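Chemist: Before anything else, here's the structure in question.
The values are calculated or read from the model by the stated rules, or taken from the named source; none is laboratory data. Not measured: the values here are computed from a predicted model. Here the Cβ positions follow ideal geometry from the backbone for every residue, glycine too, while neighbour counts run over all protein chains shown. Please note that ligands, DNA and RNA were not included when accessible areas were found on the heavy atoms of the full protein model with its side chains. Shrake-Rupley method; radii C 1.70, N 1.55, O 1.52, S 1.80 Å.
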Amino acid sequence: MKKLEETKKEREKAFLVGVIKSNKQDVEAELAELTRLVETAGADVVAQTYQLIREVTPATLIGSGKVEEIKEIITELGANLVVVDANLSGSQQ
């Protein structure tokens, strides 16, 4: 009989990006819900940020400066997953 080998899959490291469209949105509650969803899906949240959007930037949604900031953070933390709390167009993915 063949012995089954146990493989341990390393959990993904997620960086969360909250997209806030109004000052009236509860940023903490939005990010807490997103955290629960990501953890339920099997990833570890390593950091999070949010961006208040008054106008959607077609190419990046959150603006190129915020994208650069996120790139630096995920590189530093070793995150391999970015979860954005918004619908992204094909060019924004």
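Chemist: Can you pull out the residues in the stretch 40-64 that are without any contact (Cβ under 8 Å) to a residue 12 or more places away in the chain and within 12 Å of ILE20 (Cβ to Cβ)?
Modeler: Taking the stretch 40-64 and keeping what is without any contact (Cβ under 8 Å) to a residue 12 or more places away in the chain, we get 40-41, 54-57, 64.
ARG54 - this is the single residue of the stretch 40-64 that is without any contact (Cβ under 8 Å) to a residue 12 or more places away in the chain and within 12 Å of ILE20 (Cβ to Cβ).
Chemist: Counting just the residues of the stretch 34-59 that are among the polar types (S, T, N, Q) and open to solvent by 40 Å² or more (accessible area, probe 1.4 Å), which one comes out nearest to the chain's Cα centre (by Cα)?
Modeler: So the residue we want is GLN48.
Chemist: Can you tell me which residue is nearest to ILE74 (Cα to Cα) among those in the stretch 17-31 that are open to solvent by 30 Å² or more (accessible area, probe 1.4 Å), at pLDDT below 90 and not acidic (Asp, Glu)?
Modeler: For the stretch 17-31, the residue satisfying everything is LYS21.
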